[in-house]
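Participant: After the C-alpha cells below, expect a handful of questions from me.
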Amino acid sequence: MNVIEKISPDSLLGGRAVLPHPPRSGLEWVDVVRHGISSRALDAMLKSIGLSQAELAQALDIPERTLARRKREGVLSREESAKLLRLARVVARAAEVFEDLGAALAWLKTPVGALADATPLSLIDTDIGTESVMDTLGRIEHGVFA
C-alpha cells in the first residue's frame with residue numbers, strides 16, 4: 001500500500017480545532033456523541049468532502065434549516081452528532097479502501113450496482129444503508145465483485 005495520509009473520522013470533523021481530545025476508541029466516540037459534536041464540525045465536513053450544505057443535509061437526513069440553526073446554537077443534538085459521525089466514518093473507510101479521498105468521494109456519489117444502483121451517499125441516512133455501503137467497501141477491499 002502506498003504511503004498516504006490516513007483519513008480519520010476526527011480529521012474529517014475538524015480534528016483538534018473541533019475535538020480538543022480526539023476519541024481513540026468507539027467507546028470514547030459514544031461520549032462525544034452523547035454530549036453533542038460542535039457545530040463547527042459541519043463546516044469542517046463540508047470543506048473536507050466538498051459537498052454543498054444541501055447535499056450534506058440530504059446525506060444526514062437533517063433539514064437544511066435545522067443545520068443552520070445548529071450552527072448558530074453551536075452544538076449538534078445527540079442524534080445529529082451520531083449521523084454526522086456515521087458519515088465521517090463511511091468517508092474515512094472509503095478513503096482507506098480506495099487509498100485516495102478524491103476517488104472515495106467519487107465512488108460515494110456514483111450509482112453502484114451492488115447497491116441496487118443507488119449512490120452510496122444516498123444510503124447512509126439509515127443504519128441498514130450504512131451497513132450495506134460498509135459491506136460493499138469490504139468486498140471491494142478484498143477483491144470480491146461489488
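Participant: Which of these, 30, 91, 18, has the largest mean-square fluctuation under a Gaussian network model of the chain (Cα springs below 10 Å)?
Facilitator: Among 30, 91, 18, the largest mean-square fluctuation in the Gaussian network model of the chain belongs to 30.
Participant: Let me ask another. How big is the chain on each of its three principal axes, counting only the C-alpha atoms and giving the largest first in Å?
Facilitator: If we take the Cα atoms of the chain, the spans are 45, 32, 25 Å.
Participant: Calculate how steeply helix 26-35 sits against the longest principal axis of the alpha-carbon atoms of the chain, using the helix alpha-carbon long axis, and give the answer as 0 to 90 degrees to the nearest 10.
Facilitator: Roughly 40 degrees between the two axes.
Participant: What is the helix-to-structure angle for 78-98, meaning the angle in degrees between its Cα long axis and the longest Cα principal axis of the chain, kept from 0 to 90 and rounded to the nearest 10?
Facilitator: For 78-98 against the chain, the angle is about 30 degrees.
Participant: What chymotrypsin sites (Phe, Trp or Tyr not before Pro) in region 45-146 are in a loop by DSSP, with at most 12 other Cβ atoms within 10 Å of the Cβ?
Facilitator: In loop regions of region 45-146 (DSSP not H, G, I, E or B), the sparsely surrounded chymotrypsin sites (Phe, Trp or Tyr not before Pro) are 145.
Participant: Moving on to the next point. Where does helix 64-73 land angle-wise versus the long Cα axis of the chain, in degrees 0 to 90, nearest 10?
Facilitator: 50 degrees
Participant: Another question, then. Using helices alone, what [θ] at 222 nm do you get for the chain, with -39,500 (n - 2.57) per DSSP H run of 4 or more residues, divided over all residues and rounded to the nearest 500?
Facilitator: Counting only the DSSP helices, I get -18000 deg cm²/dmol.
Participant: Search the structure for amide H atoms under 5 Å from the amide H of residue 112, placed 1.01 Å from N in the peptide plane, and list their residues when 5 or more places away or on another chain.
Facilitator: HN-HN under 5 Å from residue 112: 117, 118, 119.
Participant: Here is a further query. Relative contact order (percent) for region 9-141, with alpha-carbon contacts under 8 angstrom and 6 or more residues of separation?
Facilitator: Working: 148 pairs, mean separation 30.2, N = 133.
Worked out over region 9-141, it gives 23 percent.
Participant: Within 10 Å, count the other beta carbons around each residue, average over each peptide in 75-83, 122-130, and list them highest first. Before the final figure, lay out each step's value.
Facilitator: On the way: 75-83: 18.6, 122-130: 15.8.
Answer by packing, highest mean first, reads 75-83, 122-130.
Participant: Per residue of region 123-135, in order, report the coupling 6.51 cos²θ - 1.76 cosθ + 1.60 (Karplus, θ = phi - 60°) as ³J(HN,Hα) in whole Hz, putting x for Gly and Pro.
Facilitator: 9, 7, 7, 10, 4, 5, x, 5, 4, 5, 5, 5, 4
Here, each number is a calculation from the coordinates, and none is a lab measurement. Just so we're clear, the structure is a prediction, and the values are computed from it rather than from any experiment. For neighbour counting, all protein chains shown are included, and Cβ atoms are generated from backbone atoms with ideal geometry for every residue, glycine included.
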